[in-house]
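Here's the structure, in structure tokens; my notes come after.
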Amino acid sequence: MNKFEKNGYLVIKNFIDVKKYYKPMLKNLQKGIHDTQCPKSLALYGDKFMLELLEKCLPLMEKHTGLSLFKTYAYCRLYFKDEELKRHTDRPACEISATLCIGYKDKNWPILIKDYNGKEISVKLEPGDALLYHGCDMEHWREINKYSTEHVQVFLHYVDQNGMYADHKDDAYSK
């Protein structure tokens, strides 16, 4: 059993170089929506940069999880000060997920995750770092943002090709 399967999550430092993505994604996010999960923030589904990352990260995700994966979708959020991401688990299309830090201003704002042993883990991701996790099983959240005036995260979602959510590949939620 690999570390990802044992704990339900895995932190990968320097998962991918994201320097070229920060400014264009920040610009595209200005056209984003306010979703119900984080109404103070701006969010965007599947623009060309996110889809590029979804594709580019697939072999890395498979390597680190030990699974054969299908892509489902990518989502990006620009969080602002005083935002909060409530404790939650994700829908089936997010069976195997990565939250990838693209960049932030000011201080690093941690994400929290509850592992399979019930332990709450606080993770600070630097640009290019990723938190891989079982999105449907692992509770994850962010407490009120008192750290960063702008924090860009991309969420890359996949399903196990041999798993019970394989039919969610190429998710239509964002279409």
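Structural remarks
- So Y79, is it modelled with pLDDT of 95 or more, in contact with a helix residue (DSSP H, G or I) (Cβ under 9 Å, 6 or more places away or on another chain) and closer than 23 Å to F49 by Cα: no
- Residue match in the stretch 111-125 (condition: modelled with pLDDT of 95 or more, of a type outside the set (A, V, I, L, M), part of a strand (DSSP E or B) and crowded, with 22+ Cβ neighbours inside 10 Å): no
- Pairs with Cβ under 9 Å, 6+ apart, first in the stretch 34-59 and on the phi > 0 side of the Ramachandran plot, second surrounded by 17 or more Cβ atoms within 10 Å (Cβ to Cβ): G46/L54; G46/Y73; G46/A74; G46/Y75; G46/C76
- Residue within the stretch 56-68 that is of a type in the set (G, A, S) and either closer than 22 Å to P110 by Cα or open to solvent by less than 30 Å² (accessible area, probe 1.4 Å) (or both) present: no
- Subset of the stretch 128-172 (residues that are open to solvent by less than 10 Å² (accessible area, probe 1.4 Å), farther than 13 Å from S97 by Cα and assigned to a strand (DSSP E or B)): R142, S148, H151, V152
- Within the stretch 11-45, considering residues that are outside any loop (DSSP other than H, G, I, E, B) and of a type in the set (V, I, T), the one surrounded by the fewest Cβ atoms within 10 Å (Cβ to Cβ): I33
- Scanning the stretch 1-59 for residues being among the acidic types (D, E) and closer than 22 Å to N145 by Cβ gives a total of 1.
- Checklist (1) out of contact with any Cys (no Cβ under 8 Å at 6 or more places or on another chain); (2) closer than 14 Å to P110 by Cα applied to H134, failing item: (2)
- Residue within the stretch 37-54 that is out of contact with any Lys or Arg (no Cβ under 7 Å at 6 or more places or on another chain) and acidic (D, E) present: yes
The values are calculated or read from the model by the stated rules, or taken from the named source; none is laboratory data. Everything quoted here is computed from the prediction, not taken from an experiment. Ideal geometry is used to build each Cβ from the backbone, glycine not excepted, and the neighbour counts take in all protein chains shown. The protein model used for the area step is the full one, side chains on, heavy atoms only, and it has no ligands, DNA or RNA in it. Shrake-Rupley method; radii C 1.70, N 1.55, O 1.52, S 1.80 Å.
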